[in-house]
Structures are given as C-alpha cells and as structure tokens.
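What follows is a set of notes on a single structure, which appears directly below.
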Amino acid sequence: MTHPATLRIARRRGKMNTSRRGRAWSVLLDGINVGSIVNEQTLDLSMEPGRHTLRLRSTRYLLSPEQSFDAFDDQTLGYVCEPRSLSPIIFTRWLVWLLISMVNHNLWISLQPDDNLSVDPTYESARTRSITPSHSRADETAPPAAAVLVHDTRAAPVAHVAAAGSTTEFALEVKDLSKRFGERTAFSEVSFNVGYGEVFGFLGPNGAGKTTTVRTLGTLIAPTSGSALVAGIPLSPENGVEIRQRIAIMPESPGLYLRLSVAENLKYFAGLYGLHHAEKRIDDALAAVNLLDRASDLCGGLSKGLRQRVGLARTLLSDPAIMFLDEPTAGLDPVASLEVHNLIIGLRQKGVTIFLTTHRLDEAEKLCDRVAIMNTKLRTVGRPSELRDQLFSRSLVVRTLATLRDPKELFSRIPAIDDWRVDDSGAYVLTVSDPKVAAPEIARALVGDGADILFIGESQHSLEDVYLELIADDVQVRRS
Amino acid sequence: MMGLDATRVRAVIRKELTDYRRKRSIVVTMIVMPLLFLVEPIVAIFVAPPTEPPPAMDKFVVLPLLYMLLIAVIMPSTLAAYTVVGEREQGTLEPTLTTPLSEQEFILGKSAAVLIPSVALCYAVYGVFLLAVEASAKRAVAAAVFHDRPTLLALFVFAPLVAGWAVVVGLAVSVRATEVRVAQQLGTLASLPMIVVIILLISGVIHPTFVAAAEYAVGILVADLLMLRIVARMFNRERLVTGAKATR
C-alpha cells in the first residue's frame, strides 16, 4: 500500500518590482494543470510516489522552468519559485525577446528545491538504500493520476485569488457584469453565483444576451463593467489564458474542421490545451459520447447530431472545471437530444460544473439545478420549483362529473379556498395556501353537496409558465 | 510579450498542414504555380548564347535566377490571407479562440504553417531548375549559372525572408478583413512592395552590392519580425468573434 507524497511550492515576490499579488503562474505537475500560484502563496499538492515533473508557466514571462524529481511514500518535497532578478533581460522587448523565447525555455522563473524544508527521514534512508519508485515502468506511458490540492496557504490574504477548488465557494461568481456594443446593451448588471458541481441553466429569448454572457465569461469578449471570478480566477485580459485552461466552451455550432477526422480534430484541441498522453483522453472522450467507432471518419461526413457529439467530446478533453454549453441540443432530433441529456446527467453525477444556455424550457427543467432567466437584465435566479412558488400561488384543480349547482356558494363556505375560477376545460381551479390542508376539506364539501368527483389534484406550473410570466411583458413592450 | 508554448504552436502547424494536404485545390495551386514560374527562367537559360563573354553572360543568368524569387512572394500570400478570415467564415475560429492558445501562438503557428511549405517548395523548384541546367544547358551557360554563387546564395537566403513578408502581411490583412475574397486580393496587393523591389532588381534598376544585399536581408528580417508583433497586437478576439470593434 502506497502513501501519497506531498509537494510544497512556495512563491516569493522576488527582487523584481512586481505587484503585491503578481500574475498567477500555472502549476503543471506531469503536464497537468493542477492550480495556480501568486506572490507569497504556498501550495501543498498530494501525489502518488514515483517520478514526476514540475513546471511553472506564466502568461507574462516568456519561459518556464521544468524540474524532475522522485517522490517516495510519505515524503514532503519543497520548491521555491520567484521571478529571476536579471531585470535588464526581463525588460528587453521586441525582436530580441522573440528570438530568445524561440531558443531557450528556462530563463525567467527561478524554480529551486527548498533547502529550508526539513526532509522526511524515511526519504533519506530510502535514498541511501536506492529504493525504486513504487510505480512500474509499464505505468510510465500511462497518464499519471492528477495531483490533489491538499492545502493552500498565503502569507497575506488576497481577495479573489485562489487555486482551483481550494478556497472559493463558487465555480462562477458574477457581480454587476455589463456589456455594451456602442449604443446597444447586450446585457446589463448581471449578478449570480454558480456552485461547483451544479448544472446552471441560462434562459432567455433571442437577443437576451445569453451567448454574449457566455463569451464574456469565456474571455472572448471584454466586459464593459462589473467583475467575475471564473474557476476562482478574476476575469481580466491578463488572466485570459489561465481561465481558458480551466474551462471548456461548446458554441452553438461545434465548429469542426471538416477535412479532418474526428480523432484529428480532438488531437488538435488536445494539443491546444497542452495535454500529454492525449490518445487515451481522446478515446475516453469519444467513448463518453459513443463515438469511438467513428474516430477515423472525416467530420465533413457526419450528421449534425454526430458533429454536436464530437463538439461535446472536445469539451471533455481538458477535464475542465466549468463547461459552458451553448444550446447543446440545437437542431437535434429527440433521440439525439436524449443522448446529450443523458451525457449531461452523467457529468452532473461526476460533479462537473455545467453552465447551460438553452431555449428549451423542458430541457432546463429536466437538467438544471438552478436556472437564471434573463432578457438583457437578469429577471430571476433560483430552482425551478422555487421560482414557481414565488411567481404563482398554489392551486387545486377539481373536475366533477357534472357542473356544480352553485359553486360560488359552495366554495365560499370553505375557508381554505382563497379564490376560484373555471378554466377552459370546465375544471374548477381553486387558489389555496396549503393544498394538503385544503384538499380534504374541499373533497368533503363536494361529497356533502352531492357532487361526483372525477379528479382533485394540485396544479403544477411549468418552467414555461414562469418564463412566460417574466418575459411576456418585455415582448409586449417590444411589439408595441 | 506573453509566453509561448511550443506544444500549442506545433498543434496549430500540424493541423494546418494536414488541412492543406487534404484540399486538392491548395495542393494543385502550390505545385502548379511554382512550375509556371519556372518556364521563363528555363527558356532564358536555354536560349542564352553560349559565346557571350562573362560580363554579358551575367544578364542571361542573373535575371532568370532573380525572377524565381517571385515564387517566394506570390505563393504564400493567398494562403496567408485565408488563414484567419477563412476560419471565421467556416465557423472554426471561435472554438479555437476558447482554448488557452494565445494570440502570439496562434499567429506564429499560422505563419509557420504557411511559410514552411512555401519555402520548401521554393527550394525544391530552385533545385529542379539547377538540375535542369546541369543536365541540359550548354556548358558555358551552365558554368556561368553555377559560377554565379552570390546570386544563388541570394536566392536561398532571400526566399524565406520575402516569403515571410508575404505571410505576415497576408495574416495582417486576414485578421482585419471580413471576407475571404477581399482578404486574398488585399493580401496580394500588400505583397506589392516586395514584388516591385524584385522587378527593379531583375530589370537592372537596382544593382545591389554584397554589403547592400546583406543590409537588405537584415532589413527584411527586422521588418518581418516587427510585422509579426504588430499582427499579434492587431489580433482581437472580440472583433473576430463578434465582428464589432472592441469596446470597453
């Protein structure tokens, strides 16, 4: 039985004139992005014993170093990183910077073993005894298990900065986000939070700003005002690469290269995410969407539904913290839609955070834990059941064999009934505050009055009713 | 300037080259166009009178060699002009922009994917030409060709430099254009300065010395790299995705 080793990475501010927090550096363990680190921050990562490589990647500095090491059972290893103090070279720009970056990848970030960290005596004795790592050579070709972030400490608390999954409660935090294109407002003062592992629906009519919101959170578009935290990273142009490394977006049209095969398309995107051992990931992603047998087919020969599934497989490749799905079932037949729904349900069960935009209210009701309804401005956010209760009073529907002789007199005698009406089908719709209390009373009254009851039950408002209640006024205003 | 990830740049290059190989029209154009440009130099070499004294022989040798430099300018310009706006029209640009690929990596990958096959084809064509001269031209003429080492060297040195210019200006046009047809025409137009210089060389208006040629080479290299950086700055995700000028 193996015991995980711990890798502690500490970042110093360095002698450079950097900002207090500095830009976030990605921490790559065995090629997998396991988090990010800022100034004066310490990360503890848990990993399986064996040979590992550690690399830091920065969006500001050109280059990043790589360190290889052996980790043994229960060992604690430490590395310290800081910007290199060769400031004249750091600030060399333009042509020389480009030329140097093409030649040397290990200049600007110093990454050294932490000599101050006390070493586990087990490690020392293991080293002298030349104990081999617990994983076998056969495992070297397999993707290593992802490191688990154990502990995240910071010397000085920094607002809104966190390694993935460590200290932020929400996968997405949006506050007063707005976007204007000249005189036209795409969306205005949108605020909401999305928890980790939640399927969050984003509903609205055409032109409501749903896709623009997705593009803004996906760093394709800069917001006009407001702020957001995406996978724990502040939304800003400087953090664009970092954010996009943590998320995956499936646009409404999958945008596949038609002259390339399914596997080649996925291989390309795996390369863009910097993924190693991509073949296994590609196979796993295709298996998840039941397309493993179509890996060699050119995407130009696939139907729309199959291309949509390839698009979904592409979002699974990088194991994102958040998946943005923009109308994933648009143009699909019911069978294909059901397959996509099942896939999303499966992802939810695995704890993947999904941000789903859709026109289909039945789909949102089926798949989403919470929904937001917007039309340029956010109208409401909540669970479908909560929204129904907020917007509609509860009611009972009563059907009788024959029309009641004097329903007004009958219903006025029952205190549990607040109001009543007759709907188009001739059923009586009774507004009540508590159906469980009202239903027996009403049944007794009806039977006492000699009525033959065919049906008595609670009336359910659908999400469509909620949506239309909120959006209908806007449509009327626009038409007038 | 942001960090460059070689894995991502390589992924872009690999995908582009695979895409080119699978499109018959690109393959045919890239093979046929250079061969068409070979016709004039080969005809000129083979009709050159072998009895001319060496100084006069130069004009029958140098000009055809320099003429082939046009291949390096014209061939990549159309491909480069298609790279960004073509992807936008296909609908494949947005998914690519949602990945961690940075602007610099995107531009570098696209540039390299056009430059590598263009320069390789140029060198292949030069090689075919030299083989044809060696095998079939009159001895005096062949000797004059192979004796003209400065011009041969200039061919091999300047081909990637002028091709690089055609690529980066084509990319610059592609980043800003809204239609492929417009981009391709503007891309060819933007390569005109380089074409004009070559024509001035061919027609004997410019007589570069070795030093002048070296300075010119450095100048083109600097211009190419500067232009690459400018194109990376012109690259705006919001404008490419929405078509609207980026606002804040």
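Every number here is computed from the coordinates shown, using simple stated rules; none is lab data. All values derive from a computational prediction rather than experimental measurement. Backbone-built Cβ (ideal geometry, glycine too); neighbour counts: all protein chains shown.
Please state the shape class of chain B: rounded when a/c is under 1.5, otherwise prolate if a/b exceeds b/c and oblate if not, all from the C-alpha gyration tensor.
prolate
Which of the peptides A:307-315, A:28-36 is most tightly packed, and how do the rest follow, going by the mean number of other Cβ atoms within 10 Å of each residue?
Details: A:307-315: 25.2, A:28-36: 21.1.
Sorting A:307-315, A:28-36 by mean packing, highest first, produces A:307-315, A:28-36.
So, counting K/R as plus one and D/E as minus one, what does the shell of residues with Cβ under 12 Å around A:Cys299 add up to? Let's see the in-between values first.
Details: positive: A:Arg259, A:Arg294, A:Lys304, A:Arg307, A:Arg309, A:Arg314, B:Arg22; negative: A:Glu264, A:Asp297, B:Asp19.
For residues surrounding A:Cys299, the net value is +4.
May I ask you to evaluate 6.51 cos²θ - 1.76 cosθ + 1.60, the Karplus curve with θ = phi - 60°, for each residue of segment A:276-289 and list the ³J(HN,Hα) values in order in whole Hz, giving x for glycine and proline?
Result, rounded to whole Hz: 9, 6, 6, 4, 5, 4, 5, 4, 5, 5, 5, 5, 5, 9.
Between beta-carbons, use under 12 Å as the cut-off and find the net charge around A:Gln460, counting Lys and Arg +1, Asp and Glu -1.
Summing Lys and Arg as +1 and Asp and Glu as -1 gives -3.
With θ set to phi - 60°, apply the Karplus curve 6.51 cos²θ - 1.76 cosθ + 1.60 along segment A:228-245 and write out the HN-Hα couplings as whole Hz, x wherever there is a Gly or Pro.
Residue by residue, segment A:228-245 yields 7, 10, 10, 6, x, 10, x, 6, 7, x, 5, 9, x, 4, 4, 5, 5, 5 Hz.
If I fit a long axis through the Cα atoms of helix B:180-190 and take the longest principal axis of the Cα atoms of chain B, what angle between them do I get, 0 to 90°, rounded to 10?
Helix B:180-190 sits roughly 50 degrees off the main axis of chain B.
Taking each residue of A:205-218 in turn, how many C-beta atoms of other protein chains fall within 10 Å of its C-beta, and what is the average?
That works out to 1 on average.
Going by the alpha-carbon gyration tensor, a ≥ b ≥ c the square roots of its eigenvalues, is segment A:393-460 rounded (a/c under 1.5) or, if a/c is not under 1.5, prolate (a/b greater than b/c) versus oblate?
Numbers: a/c = 1.42, a/b = 1.18, b/c = 1.21.
The shape class here is rounded.
Can you list the residues, at least 5 places off or on another chain, whose amide H is less than 5 Å from the amide H of A:Leu203, using H built in the peptide plane?
Here the answer is A:Ala372, A:Ile373, A:Met374, since their amide H atoms fall under 5 Å of that of A:Leu203.
Where q = 0.11, 0.23 Å⁻¹, what log10 of I(q)/I(0) comes from the Debye formula for segment A:315-431, counting one point per Cα?
-0.60, -1.29
Which value at 222 nm does chain B reach when only helices count, each DSSP H run of 4 or more adding -39,500 (n - 2.57), with the total divided by all residues and rounded to the nearest 500 deg cm²/dmol?
-28000 deg cm²/dmol
Return the subset of B:Lys15/B:Lys110; A:Lys210/A:Lys377; A:Lys304/B:Lys23; A:Lys175/A:Lys210; A:Lys210/A:Lys267 for which the Cα-Cα distance in this structure is over 20 Å, preserving the input order.
The pairs that break the limit, which is 20 Å between Cα atoms, are A:Lys304/B:Lys23; A:Lys210/A:Lys267.
Would you mind pulling out the separation of the Cα centroids of segment B:156-213 and segment A:420-444, in Å?
Result: 81 Å between the Cα centres.
If each of B:Ile26 and B:Ala214 carries a label point 7 Å out from its Cα toward its Cβ, how far apart are those two points in nm?
Computed distance between label sites B:Ile26 and B:Ala214 equals 3.9 nm.
For A:Leu396, what charge total do you get from the other residues with a beta carbon under 13 Å from its beta carbon, if Lys and Arg give +1 and Asp and Glu give -1? Don't skip to the answer; put the middle values down first.
Numbers: positive: A:Arg394, A:Arg399, A:Arg421, A:Lys436; negative: A:Asp418, A:Asp419, A:Asp423, A:Asp434, A:Glu441, A:Glu458.
Here the charged neighbours net out to -2.
Hey, which aspartates and glutamates would be in cross-link range of A:Lys366, C-alpha to C-alpha under 13 Å, not counting anything within fewer than 8 residues on its own chain?
Of all the aspartates and glutamates, those that pass the test against A:Lys366 - Cα under 13 Å, at least 8 places apart if same chain - are A:Glu464.
Report ³J(HN,Hα) in whole Hz for each residue of segment A:396-401, in order, from the Karplus equation J = 6.51 cos²θ - 1.76 cosθ + 1.60 where θ = phi - 60°; Gly and Pro get x.
The phi angles translate into 10, 10, 10, 10, 10, 5 Hz.
Give the cross-link partners of A:Lys436 among the aspartates and glutamates, using a straight C-alpha distance below 17 Å as the criterion and excluding same-chain residues fewer than 8 apart.
Cross-link targets: A:Asp389, A:Asp418, A:Asp419, A:Glu458.
What average count of beta carbons from other chains do you get within 10 Å of the Cβ of residues in A:250-259?
5
Need one word for segment A:311-380: rounded, prolate or oblate. Basis is the Cα gyration tensor (sqrt eigenvalues a ≥ b ≥ c); a/c below 1.5 gives rounded, then a/b vs b/c decides.
oblate
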